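Engineer: Provided herewith is a single structure, encoded as structure tokens, for subsequent inquiry.
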Amino acid sequence: MTATPSAPVIDLVDLKIEAKSNDQWSKIVNGVSLSIRPGEVLGLVGESGAGKSTVGLAALGYFRPGAKVTGGEVRLLGQNILDIPEEERRKFRGTKVAYVAQSAQAAFNPAYRLMDQIIMVAVDRGGLTREAAQKRALDLFHALQLPDPRNFGKRYPHQVSGGQLQRAMVAMAMICNPALIIFDEPTTALDVTTQVEVLISIRKVIEDYRVAAIYITHDLAVVAQVAHRVAVLRYGEVVEEAPIAQIMERPTHPYTKSLWAVHEMPVGQGDRHGKGAPLLAVTGLGAHYGDFQVLTAIDLDVGRGETVALVGESGSGKSTLGRVIVGLKEVSSGQVVYEGKPLPGTIRRRSLEMLKQIQIIYQSADTALNPRQTVRKIIGRPLTLYQGLRGARREERVLELLKLVELNETHIDRTPGQLSGGQKQRIAIARALAADPRLIVCDEITSALDKVVQAEVLRMLMRLQERLGVSYLFITHDIEVVRAIADRVVVMQDGKIVEQGGKDQVLAQPRADYTRKLLDSVPDMAVGWLDGIVAARAA
């Protein structure tokens, strides 16, 4: 991709932002200066808590509660938007500048059809009639390669896949033809094959409409495919900025080099399957949503102290299988056997001891944690429920669990809204560990974490496994994570298992065509990898 020189769409000039926590103000953005031109994509990378999303939201003229600007300018199309009232800023959000969030599921209202939500801003503030807005939405559905474009907008959010919903959010952002779009980790939660489709669609609309973009991500392979330039943030400061090829091949700052280095995940310990009777055995398992069968004849087991990775595209049934094992989704056929005994089909019929033994950690900590509760209460409640701990002993154990997930006592009185994405997921992990379980179902728990934090969390999970003997059913679409943590791999497609075996065998010599497709879709760190995919399809 090549960007055409012209006047900047957005200029951040020495921007400084502070946030209040525990009655104290601290700097979270410290003198950031960035400039982006039409048709140009700036990749914004860094660890969780580096200030990436805060900078992205500042380009919208929006600041989270408890945050304030203490210096600098945000010049959008030549105007310092910090000088105008908040009411005026609202008028150009969605029209001049738009935002694509990480979680499309959280961004769409489940009660309204997609078309009604996608065209809302265009009709309310964009000066388009409903008919004109629908026509533009249809054009965008075609451009984004959404299935059955004429009828796509008639569906509700839950009736489309995660990748389709993410592209629908891009259409909603593009509906008023904005000058700037902020992409905030838009492919983080997607499986590898879906991620490729979304990346191709995003690149196409950026090029076709010459929109400027800030692409926030922690995935170095993704930023290598979409960005012209990269700015690296650490502790709210830009430590390095350079063209994409230069920064991928010849980073100069020590911190940038460290980000590149952690792309290599820790290596798992190898196949530990077959040592004694399995902790968990699933046989002939089937499950339905209404009349639709989502799981068919599932057979798998998880050994004691073993990690089984469950991989597949969105809609393959991975998360549903996890929910069935935990008891959150009722079994239609077959059974789940734990330590040689069949488990009741639903969580309501399981004893407190059964519930304690099998815990689940969800993909999105944003929706899994109560936003009104402090960390003390979030972790403390299961300690009381499962361990009977109260008072000083419970407080002591909360602090121990915080230390275990590499946080400290300063986080104990914070609510989820005062934590970064990585910190929130660590709290969710600590909450699961509070029950002292034997098996943990990990549903994409590292997908939203940057590579530095992801590597730390994976090392932590492996240390816990060695010390406690806990087993993991690790649902993921990240093949790097599979290589890092798994003993065995189970591949699912359309609610069925198409292949399973030792990690080395499945990843090095896959038997199923579908497994090979998954492996071929893993983004490469090399600049231009996606161009090769597009060229191959066009040939």
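Engineer: Could you please find all residues in region 28-56 being out of contact with any Lys or Arg (no Cβ under 7 Å at 6 or more places or on another chain), closer than 21 Å to residue 411 by Cβ and part of a strand (DSSP E or B)?
Structural biologist: Within region 28-56, just 28 meets the criteria.
Engineer: What pairs come out if I take residues in region 431-443 that are open to solvent by 10 Å² or more (accessible area, probe 1.4 Å) and pair them with residues that are aromatic (Phe, Trp, Tyr) whose C-beta lies under 9 Å away, six or more apart or interchain?
Structural biologist: That search, which allows pairs on different chains as well, returns 436/386; 437/386; 438/338; 443/362; 443/474.
Engineer: Scan (1) buried (at least 19 other Cβ atoms within 10 Å of the Cβ); (2) under 20 Å from the mean Cα position of the chain (by Cα); (3) among the β-branched types (Val, Ile, Thr); (4) outside any helix (DSSP H, G or I) for the single condition residue 522 breaks and write down its number.
Structural biologist: (1)
Engineer: Can you find even one residue in region 494-515 that is in a helix (DSSP H, G or I), more than 25 Å from residue 298 (Cβ to Cβ) and open to solvent by less than 70 Å² (accessible area, probe 1.4 Å)?
Structural biologist: There is no residue in region 494-515 that is in a helix (DSSP H, G or I), more than 25 Å from residue 298 (Cβ to Cβ) and open to solvent by less than 70 Å² (accessible area, probe 1.4 Å).
Engineer: Filter region 49-74 for residues that are open to solvent by 60 Å² or more (accessible area, probe 1.4 Å), modelled with pLDDT under 95 and closer than 16 Å to residue 11 by Cα and give the result.
Structural biologist: 62
Engineer: Can you confirm whether region 249-258 contains a residue that is open to solvent by 10 Å² or more (accessible area, probe 1.4 Å), in a helix (DSSP H, G or I) and basic (Lys, Arg)?
Structural biologist: yes
Engineer: Any residue that is of a type in the set (Ser, Thr, Tyr), surrounded by 18 or more Cβ atoms within 10 Å (Cβ to Cβ), modelled with pLDDT under 95 and outside any loop (DSSP other than H, G, I, E, B) - is there at least one of those in region 90-99?
Structural biologist: Among the residues of region 90-99, at least one is of a type in the set (Ser, Thr, Tyr), surrounded by 18 or more Cβ atoms within 10 Å (Cβ to Cβ), modelled with pLDDT under 95 and outside any loop (DSSP other than H, G, I, E, B), which makes the answer yes.
Engineer: What's the total number of residues in region 226-248 that are touching an Asp or Glu at 6+ places or on another chain (Cβ under 8 Å) and open to solvent by less than 20 Å² (accessible area, probe 1.4 Å)?
Structural biologist: Summing the residues that are touching an Asp or Glu at 6+ places or on another chain (Cβ under 8 Å) and open to solvent by less than 20 Å² (accessible area, probe 1.4 Å) in region 226-248 gives 4.
Engineer: Looking at (1) under 27 Å from the mean Cα position of the chain (by Cα); (2) closer than 26 Å to residue 199 by Cα; (3) crowded, with 18+ Cβ neighbours inside 10 Å, can you tell me which one residue 11 breaks?
Structural biologist: The number of the failed condition is (1).
Engineer: If you don't mind, there's one more thing I want to ask. Consider region 352-397. How many of its residues are exposed (fewer than 14 other Cβ atoms within 10 Å of the Cβ), of a type in the set (Asp, Glu) and farther than 21 Å from residue 325 by Cβ?
Structural biologist: Residues that pass the stated criteria total 1.
Engineer: Taking the criterion of being within 20 Å of residue 135 (Cα to Cα), at pLDDT 90 or above and part of a loop (DSSP other than H, G, I, E, B), would at least one residue in region 167-176 satisfy it?
Structural biologist: Looking for residues that are within 20 Å of residue 135 (Cα to Cα), at pLDDT 90 or above and part of a loop (DSSP other than H, G, I, E, B), one finds at least one in region 167-176, hence yes.
Engineer: Every residue in region 146-166 that is of a type in the set (Phe, Trp, Tyr) and assigned to a helix (DSSP H, G or I), please.
Structural biologist: The answer is 152, and nothing else.
The values are calculated or read from the model by the stated rules, or taken from the named source; none is laboratory data. Keep in mind that this is a model prediction, so the values were computed, not measured. Glycine also receives a Cβ, built like all others from the backbone with ideal geometry; neighbour counts cover every protein chain displayed. Areas reflect the complete protein model, heavy atoms only, side chains present, ligands, DNA and RNA absent. Shrake-Rupley method; radii C 1.70, N 1.55, O 1.52, S 1.80 Å.
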